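These notes are about the structure you will find just below.
The values are calculated or read from the model by the stated rules, or taken from the named source; none is laboratory data. Keep in mind that this is a model prediction, so the values were computed, not measured. Quick reminder, even Gly has a Cβ in these numbers, built from the backbone with ideal geometry, and neighbours come from all protein chains shown.
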Amino acid sequence: MRYSLRQLEVFLATAREENVSRAAQSLAMSQSAASGSLRELEQQFGIQLFDRVGKRLQLSELGRQLRPQAESLLDQARAFEETLCGEQFSGRLEIGATLTIGNYLAVGLIAEFRRRHPAADIGLAVANTETIVDRVASFGLDMGLIEGEVHHPDLETRFWREDELQVFAAPDHPLVKTGVLRDEDLLAQAWIVREPGSGTRQTFDRAMHGILPDLNIAMELQHTEAIKRAVEAGLGVGCLSRISLADAIRRGTLAPLQVPHRDFHRQFYLINHRRKFQSPMLGEWLQLCLQ
């Protein structure tokens, strides 16, 4: 075999970091050793895996073609080693989740997985749908749990569970006593909502079709807790997942508003790269999510 697994590790780390120095640091290598490994791999086969763009290294067309195969080979090698050692569930998974899922659902799943497999190590990255999709597509995450719809040629998407958004206000807001809200009521409010690129904002925009351009979007915030605090302070009304509002509504610090003529239903999805090798541990995590 004319290449080594270490060379593949350097190639993939450089693809992720777009910088040899940072790639070397992530692999606990010296920069000269990483550069030499990458150079040797390219010279052995007379190829160029990266193009230099300013101070960044970007994958060449050949590099982009080879990356999924290299990722799969390394994943299979790690799974093979874990099986040899009798430690199929002792590796590390990098899971990505959107904010609602990450803050209110994923931690419980991780706790249950660790209870079943104490030697497992799971990292959780929490960001909006757009960011999680990009990181799964670039092999930066093993799997994603997202709130928004996605159509990406490299990703496999499967339905996970149902969810619904809830319009809400501070308990002393005049609309709380109104009963059912009409479009005129919605248009008269200052709205505090999630930022574009989030699954929650995607569902909100779709639900408000027909009146969306005329809504008063007073604030766009990246965190559900910040939106809840702003609404509690009387700065406007909000719209978030019922999951994220359950405790606050139960305590009486926030109050639900009824908007039955608008459809706030949505679905949560599981996403993974179509060409990523599914290790036993990743398969076990997937089964836990689907239970």
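Please return the ranges of helices (runs of 4 or more DSSP H) entirely within the stretch 216-291 where 1 or more residues are in contact with a helix residue (DSSP H, G or I) (Cβ under 7 Å, 6 or more places away or on another chain) and β-branched (Val, Ile, Thr).
So the answer is 224-232, 242-251.
What residue, of Leu93, Leu59, Leu49, Leu66, is within 23 Å of Phe113 (Cα to Cα), touching a strand residue (DSSP E or B) at 6+ places or on another chain (Cβ under 9 Å), of a type in the set (A, V, I, L, M, F, W, C) and modelled with pLDDT of 85 or more?
Details: Leu59 fails: within 23 Å of Phe113 (Cα to Cα); Leu49 fails: within 23 Å of Phe113 (Cα to Cα); Leu66 fails: within 23 Å of Phe113 (Cα to Cα).
Step by step, each of Leu93, Leu59, Leu49, Leu66 is checked, and only Leu93 is within 23 Å of Phe113 (Cα to Cα), touching a strand residue (DSSP E or B) at 6+ places or on another chain (Cβ under 9 Å), of a type in the set (A, V, I, L, M, F, W, C) and modelled with pLDDT of 85 or more.
Examine the stretch 179-189 for a residue that is of a type in the set (Val, Ile, Thr), farther than 27 Å from Ala106 by Cβ and free of Cβ contacts under 8 Å to residues at least 40 places away in the same chain, and state whether such a residue exists. Write out each step before concluding.
Initial filter on the stretch 179-189 (of a type in the set (Val, Ile, Thr)): 180.
Then keep just the ones that are farther than 27 Å from Ala106 by Cβ; that gives 180.
Okay, now just the ones that are also free of Cβ contacts under 8 Å to residues at least 40 places away in the same chain, so none.
There is no residue in the stretch 179-189 that is of a type in the set (Val, Ile, Thr), farther than 27 Å from Ala106 by Cβ and free of Cβ contacts under 8 Å to residues at least 40 places away in the same chain.
If I filter the stretch 123-136 down to residues being closer than 21 Å to Arg274 by Cα and of a type in the set (A, V, I, L, M, F, W, C), which single residue comes out as surrounded by the fewest Cβ atoms within 10 Å (Cβ to Cβ)?
Step by step, filter the stretch 123-136, then rank; the result is Ala125.
Report yes if Phe139 is part of a loop (DSSP other than H, G, I, E, B) and surrounded by 15 or more Cβ atoms within 10 Å (Cβ to Cβ), otherwise no.
On the way: part of a loop (DSSP other than H, G, I, E, B): yes; surrounded by 15 or more Cβ atoms within 10 Å (Cβ to Cβ): yes.
Judged against the criteria, Phe139 is a match.
Considering every residue within the stretch 222-241, establish whether at least one is of a type in the set (Ser, Thr, Tyr) and modelled with pLDDT under 95.
yes
Considering the stretch 187-214 alone, what residues qualify as being surrounded by fewer than 13 Cβ atoms within 10 Å (Cβ to Cβ) and modelled with pLDDT under 95?
Result: Pro196, single match.
Just checking, which of Pro171, Pro153 is free of Cβ contacts under 8 Å to residues at least 12 places away in the same chain and out of contact with any Asp or Glu (no Cβ under 6 Å at 6 or more places or on another chain)?
Working: Pro171 fails: free of Cβ contacts under 8 Å to residues at least 12 places away in the same chain.
Answer to the selection: Pro153.
Just one of Thr203, Thr157 is touching a Phe, Trp or Tyr at 6+ places or on another chain (Cβ under 7 Å) and in a helix (DSSP H, G or I); which is it? Please lay out each step first, then the result.
Numbers: Thr157 fails: in a helix (DSSP H, G or I).
On inspection, the qualifying residue turns out to be Thr203.
With crowded, with 20+ Cβ neighbours inside 10 Å, of a type outside the set (A, V, I, L, M) and in contact with a Lys or Arg (Cβ under 7 Å, 6 or more places away or on another chain) as the only criterion, which of Asp163, Asp154 stands out?
So the residue among Asp163, Asp154 that is crowded, with 20+ Cβ neighbours inside 10 Å, of a type outside the set (A, V, I, L, M) and in contact with a Lys or Arg (Cβ under 7 Å, 6 or more places away or on another chain) is Asp163.
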